[in-house]
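Throughout, read-outs are computed from the coordinates displayed, never taken from laboratory work. Just so it is clear, the structure is predicted and the values come from calculations on it, not from any experiment. Cβ placement follows ideal geometry from the backbone for every residue including glycine, while neighbour counts extend to all protein chains displayed.
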Amino acid sequence: MKMPFKAGVWPIPKGRVKLPEPAVSDYIIPSTATASSENYIMAPDPTVTVSGDALTYSLDTTNKKITVKYVANKWSNSSDYVAITFPMDFTNILPSDTLILKFYAYNQRSDSRTLVQDGNGNTLLDIHNMTENVLKTYTVPVGDYAGTQTDIIIKVWDNCSSSSHSSSSSYNVMTVYYPEAGVRALNATDNDTSTIWHPSTTDPGKWIYIDAGAPKIISGVRIYWGSNVPNKFTVEVSTDATNWTPVYKQTIPPTPNAWQEIGFYATYARYIRIYLDDQGSDPVEIGEIQYYSSLVERVASEHGHGSGPEPWMRGANVRLRYVSKFANIQSRISSLQRDLQKSRTVNVKHVQELTGIVQDLKELVKLLHMS
Ligand SMILES: [Ca+2]
């Protein structure tokens, strides 16, 4: 049984670097994730109805979006809105699944409102004054609807009652994208432990990987497991998302609904994959994946590489370049010895060189014993 990494326990094999145990704040949330399957469902085409005459819409079934617009020189009141009804089929979703809603507000009025309801009139989201000119994504738990069908209704309003709208013929109010329900890999990198990625089946060999954005020296990963945890899993790293090297294996189930921190020898990688060797009886649930790199880079930087880490590659193992800074110590000592034998006197240059060698040796010893 392989136990999780504990700082100070592992010896340091030649050419490998052990780094200080990270604090929670040292972990980095990756911006993207990719998985072996993303079993989500896209909403079918909606029916759209207009209440009042201050708003109109265009339905784009190819790009899966609806654009709601103001009508020139009209103003609305509370009964003027566009209602977009998506007949959602949640038959195959799991209790942990979510509904993902996306909106883009263009020239949005400050008194606007967007309401999301289920088929029974229960409110799922009620957004006022949505941020303009930014794609906004909202995630709503829909586990209560698992195994059922229900409408998801999105109502776009303008509550303006006293002033006229733009004098241009019309301008965009709001683009509403078709909702998606189920699980996406990005659920594992949204900084919310309650939104979860899980594989579509319990077959062995399902996986999810995160992207650190660029190759970095990485020495740890932090996983938030949901209710269903694997019997066996492997953490792997890669620089190209094609060739994977295992850095950690576990053959006992981790604790459900909890973070697990896993440390490994510093390695040069961009992608970190959680490979599920044995899921057990239910699809494994992963709430978040974060990686540990910043302190590694800081250590490298503190040892003469201010521009960032520059690793030597030896397979998946890493030899930091700052080790090479000390590689010529032996030849410097030999050179100093030869010089001293030749001159038979000790001058300031000799003392300076000797001091420099001792300084570098001290630094090297400190680095190798770091824990
Ligand atoms: Ca999440």
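What does the charge add up to near TYR81, with Lys and Arg as +1, Asp and Glu as -1, over the other residues with Cβ less than 10 Å from its Cβ?
So the surrounding residues net to 0.
Note down the net charge around THR123, summing +1 for each Lys or Arg and -1 for each Asp or Glu among other residues with Cβ under 14 Å from its Cβ.
Counting the neighbours of THR123, the net charge comes to -2.
Taking the mean number of other Cβ atoms within 10 Å as a proxy for protection, how do you rank 60-71, 266-277 from highest to lowest?
Values: 60-71: 16.7, 266-277: 23.2.
The packing order, highest mean first, is 266-277, 60-71.
Could you tell me how far the Cα centroid of the stretch 235-284 sits from the Cα centroid of the stretch 331-350, in Å?
53
Taking amide hydrogens as modeled 1.01 Å from N in the peptide plane, which residues meet the under 5 Å criterion relative to LEU124, leaving out close sequence neighbours?
VAL116, GLN117, ASP118
Considering only the other residues whose Cβ falls under 9 Å of the Cβ of TYR27, what net charge follows from Lys and Arg at +1 and Asp and Glu at -1? Mind dumping the intermediate values first?
Numbers: positive: ARG222; negative: ASP26, GLU261.
Surrounding charge for TYR27 is -1.
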